[in-house]
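In what follows, a structure is listed as structure tokens, so that the remarks can point back to it.
Throughout, read-outs are computed from the coordinates displayed, never taken from laboratory work. Owing to the predicted nature of the structure, the values given are computational and were not obtained by experimental measurement. Note that each Cβ is placed from the backbone with ideal geometry, even for glycine, and that neighbours are counted across all protein chains shown.
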Amino acid sequence: MKYERDPERIRRVLGDKVQFIQGDMAVTYGAVLAGCSFFGGYPITPASEVAEGAARLFPRVKATFIQMEDEIGSIGAVIGAAWSGAKAMTATSGPGFSLMMENYGYAIMTETPCVIANVQRTGPSTGQPTLGAQGDMMQARWGSHGDMEAIALAPSTVQESMDMTIESFNLSEKYRHPVCLMTDGEVGHLREKIVIPDEDEMELVERVPATIDKEQFIPFTDSQTQEGSKVPDFPTFGTGYRTYVTGLTHNEKGFPATDKPPDHQRLIKRIVSKITDDREALTNVEKIELDDAEIAFVTFGASARPAESAVRMARKKGMKVGMLRMKLVWPFPRKVVHDLSKKVNTIIVPEMNLGQMVHPITEYAAKDCEIISAPKVGGEMHLPDELFEILEGV
Amino acid sequence: MSEEVKKKMIDANELRDKYLREGMLPTIFCNGCGHGNAIDYTFWAIEELGLDMDKVALASGIGCSSRIPGYINADGLHTTHGRALAFATGIKAANPDLHVIVFTGDGDCTGIGGNHFIHAARRNIDMTVILLNNFIYGMTGGQLAPTAPIGSIATTAPYGNIEQAFNISELAKALGANYVARWPISYPYQPIKSIKDGIAKKGFSLIELMSPCPTAYGRRNRLGNIEALWNWYEENTILIEDYEKIINYGTEEEKNSIKEKFKIGVFQDVDKPGFFGEYEKLVNMLIEKDDAKLKGGSQ
């Protein structure tokens, strides 16, 4: 069954423009809107609703949903579908994310566009399935073996769960890279109002298909791409390019080069720098009350919600407190964090883990800026009061 | 000599030029390895079917046999260990026009990849799996495979294998795969016919080819030279039809003599519906319903 994105049908299937839905469902909505035509998934709390949504909606827009035998198979099928030309995604939570790590690396190595939604729960191991956490932030960055760069987004609201799913597809298509949507059990199970964008309110990015003469085409080089781009054009399977795709270190033709250090260096440096070169352009933050702030929260995802409340509480008491929210956490927004650290005296990093994003924040902050880690584990969000107390202690 | 055989003798080199991916040669295969024969048989099957190689997508996992897609001039996805069938499921889902052919080994497909194998066969996904069973993990130097006969020597079974072996074709048959066949690589024509039938078949096809690994298996198990390895297949296999005859009508002595033998031949050839065909029916039904609702003015 061949998929063709049908905007009218999509809108009809999604229904009213304004709805009150769950964060997980909003991820499915985002996928449908983005033109995702393949979802391979496996049940896991608190991410199952994404798959359930896809099972319900995908066939009605002529897209394929398949419940695979496990998470390894899910991301495998997703990558295979991507090579046949599909925008493809899977959704999971911690244990499944761990299982996906090898093929996550495969997608990075083979430059396969795809989206992995990780509705984070506490860990390690089985942890607390129904409770949210932000403990996989470093896993998204470093979880597969070897050198790599990551692209990851962290929604704080249900609306963002939908919008950032679309954005995840756009970035994955643009960079030919698996993109992690790092949501969590809190945002995933939260119900909020969303406004579904009309067709002209959305920007959709598609991978650049290979069009060069088939005899001349070199699949893994930046020498044949549009000016300045390090992302090779995509030789979709079935279009006659007869491309060999391997997770082994490969030369520019795609052939194994397992005993050739220069080929490895060239490949890895390119697939990392195609993302890090655009670090500033990719940086996507929200700034709240930062103009005159002396203390700033640097946050992301669910923990930005109580942090914002704490900012409002502090402002009411005349305290100069602001917040920087990283919508895109990887590649790490070095410059904006560094600039902020030169303006404020103190940065507080509330996270639903024992302190993960606080590490790159510390690494890239000015040395004279005080960094306070405000971790919370156990499956509960920070309370605004708790964060306000930390502010008072500064 | 039949016309078909004559044609083959004439065209053998031409055929290789047509389908091999020259830039990838030489192959990694050892002397006496059966995997080259499997490539050859696949080429004959593709040639006889007249497939458009632009519409063939190959997938494989990790191991010696999984290197085969590299040598064939078609789209190929050389994936992670054991996962080829999952990737292949996605390839087929997003472009049903593609003939999806998977090359895999006994360790890749039924060791680490057993779960994907079970479910791809159970879903009857439209793909052809050419599984090269050499009883050993060859690429990593001869570790114990789940298919190794009891008593086999491997680097991780230095005193002889004590585990029951996996019977891959029987399993695929039990799972309801549409086409299942097993042949030793030493049979020159039957594998071609089975690969051909497997590709032409809608649904899941498994062609299990018993392929010798003289380096990692034959040497360690003192099976002798290549000729002896091929003879081993002759002595240790029995056609399914002959097996059934002896089991039903043979003497106790005859029955005992075939107990340990590998059945070869076509295990299953049926036409049951597969996942994607059924999914498409479901989609059409839903779309029709949605469109009827729209026309009916309920929205």
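Dipole magnitude for the range A:284-393: about 340 debye, using +1 per Lys or Arg Cβ and -1 per Asp or Glu Cβ, origin at the Cα centre. Each Cα pair under 8 Å and six or more residues apart adds its separation to the average, and for chain A the resulting relative contact order is 15 percent. About the centre of its Cα atoms, the range A:7-201 shows a dipole size close to 440 debye [charges on the beta carbon of Lys, Arg (+1) and Asp, Glu (-1) only; nearest 20 debye].
Computed from phi, the 3J(HN,Hα) profile of the range A:165-178 under the Karplus parametrisation 6.51, -1.76, 1.60 (θ = phi - 60°) reads 5, 4, 5, 4, 4, 4, 5, 5, 5, 5, 9, 6, 8, x Hz, with x in place of Gly and Pro. Remark: the protein assembly as shown carries a charge dipole of roughly 80 debye about the Cα centre, counting +1 on each Lys and Arg Cβ and -1 on each Asp and Glu Cβ.
Taken over the range A:284-393, the convex hull of the Cα atoms encloses 87 Å³ per residue. Cross-link check: pairs B:Lys272/B:Lys295; A:Lys174/A:Lys335; B:Lys196/B:Lys255; B:Lys201/B:Lys255; A:Lys269/B:Lys92; A:Lys2/A:Lys269 evaluated at a Cα-Cα cut-off of 30 Å; pairs beyond the cut-off: B:Lys272/B:Lys295; B:Lys196/B:Lys255; B:Lys201/B:Lys255; A:Lys269/B:Lys92; A:Lys2/A:Lys269. GNM, chain B, Cα, under 10 Å: largest mean-square fluctuation among B:Gly82, B:Gly34, B:Gly160? Of the options given, B:Gly160 has the highest mean-square fluctuation. Where a ≥ b ≥ c are the square roots of the eigenvalues of the C-alpha gyration tensor, would you call the range A:56-128 rounded, which needs a/c under 1.5, or, failing that, prolate if a/b is larger than b/c, or oblate? Cα axes put the range A:56-128 in the oblate bin. Taking amide H positions as modeled 1.01 Å from N, with prolines and chain starts lacking one, the residues under 5 Å from B:Val102 and 5 or more places away or on another chain are B:Ala59, B:Thr128, B:Val129, B:Ile130. Build a GNM of chain A with springs between Cα atoms under 10 Å apart, and of A:Asp339, A:Asp16, A:Asp213 the one that fluctuates most is A:Asp213.
Descending by average beta-carbon neighbour count within 10 Å, the peptides B:234-243, B:52-61 line up as B:52-61, B:234-243, the highest first. Based on the Stokes-Einstein relation at 10 °C and a viscosity of 1.306 mPa s, and on the Kirkwood radius from alpha carbon pairs, the protein assembly as shown is assigned a translational diffusion coefficient of 59 µm²/s.
Rounded to the nearest 0.05, what FRET efficiency do A:Asp291 and A:Asn345 have when you use their Cβ-Cβ distance and R0 = 22 Å?
Efficiency for this residue pair is about 0.90.
The lysines whose alpha-carbon is closer than 16 Å to the alpha-carbon of A:Lys17, local same-chain residues fewer than 8 away aside, are A:Lys193. Using Cβ counts within 10 Å as a stand-in for footprinting exposure, how do B:Phe43, A:Phe237, A:Phe169 rank, fewest first? Least to most surrounded, the residues fall as B:Phe43, A:Phe169, A:Phe237.
Could you sort the peptides A:264-276, B:141-153, A:19-31 by per-residue average Cβ neighbour count (10 Å cutoff), highest mean leading?
A:19-31, B:141-153, A:264-276
Going 7 Å from the Cα of A:Thr276 in the Cα-to-Cβ direction, what parts of the range A:200-228 have a backbone nitrogen less than 20 Å from that spot? Inside the label zone: A:221-223, A:228. For A:Lys317, no lysines have a Cα closer than 17 Å to its Cα, not counting residues fewer than 8 places off in the same chain. Among A:298-308, A:41-51, the peptide with the highest mean count of other Cβ atoms within 10 Å heads the list, and the full ranking is A:298-308, A:41-51.
To the nearest Å, what is the center-to-center distance of the range A:59-126 and the range B:233-277, using C-alpha atoms only? If we compute the Cα centre of each part, the gap is 40 Å.
Which of these, B:Ala120, B:Ala88, B:Ala74, has the largest mean-square fluctuation under a Gaussian network model of chain B (Cα springs below 10 Å)? For chain B, modelled as a Gaussian network with Cα springs under 10 Å, the answer is B:Ala74. Between B:Ala200 and B:Ser257, the modelled label-to-label distance comes to 3.6 nm, taking each label 7 Å out from Cα in the direction of the beta carbon. Computing FRET efficiency as 1/(1 + (r/R0)^6) for B:Ala228 and B:Leu49, where r is the C-beta to C-beta distance and R0 is 30 Å, gives about 0.30. In this simple spin-label approximation, B:Asn167 and B:Glu278 carry label points 7 Å from Cα along the Cα→Cβ vector, and these lie 2.6 nm apart.
The amide H of A:Asp184, built 1.01 Å from its N in the peptide plane, has A:Gln120 as neighbours under 5 Å, considering only residues 5 or more places off or on other chains.
Under a Cβ-Cβ cut-off of 15 Å, what is the net charge of the residues other than A:Val336 that fall near it, where Lys and Arg count +1 and Asp and Glu count -1? Charge balance near A:Val336 sits at +2. Projecting the Cα atoms of B:Gly250, B:Ile153, B:Trp232 onto the dipole axis of chain B, where Lys and Arg carry +1 and Asp and Glu carry -1 at the beta carbon, places B:Ile153 farthest toward the positive end. Out of all DSSP beta bridges in the range A:256-387, what portion is antiparallel? Express it as a percent rounded to 5. Here the antiparallel bridges make up roughly 20 percent for the range A:256-387. In whole angstrom, how far apart do the alpha carbon centroids of the range A:319-394 and the range A:134-198 sit? So the separation of the two Cα centres works out to 20 Å. In this structure, the pairs whose alpha-carbon distance is over 32 Å, taken from A:Lys253/B:Lys263; A:Lys62/B:Lys55; A:Lys253/A:Lys327, are A:Lys253/B:Lys263; A:Lys253/A:Lys327. Taking label positions 7 Å along the Cα-Cβ direction at both A:Lys367 and A:Ile212, the computed distance is 4.6 nm, reported to one decimal.
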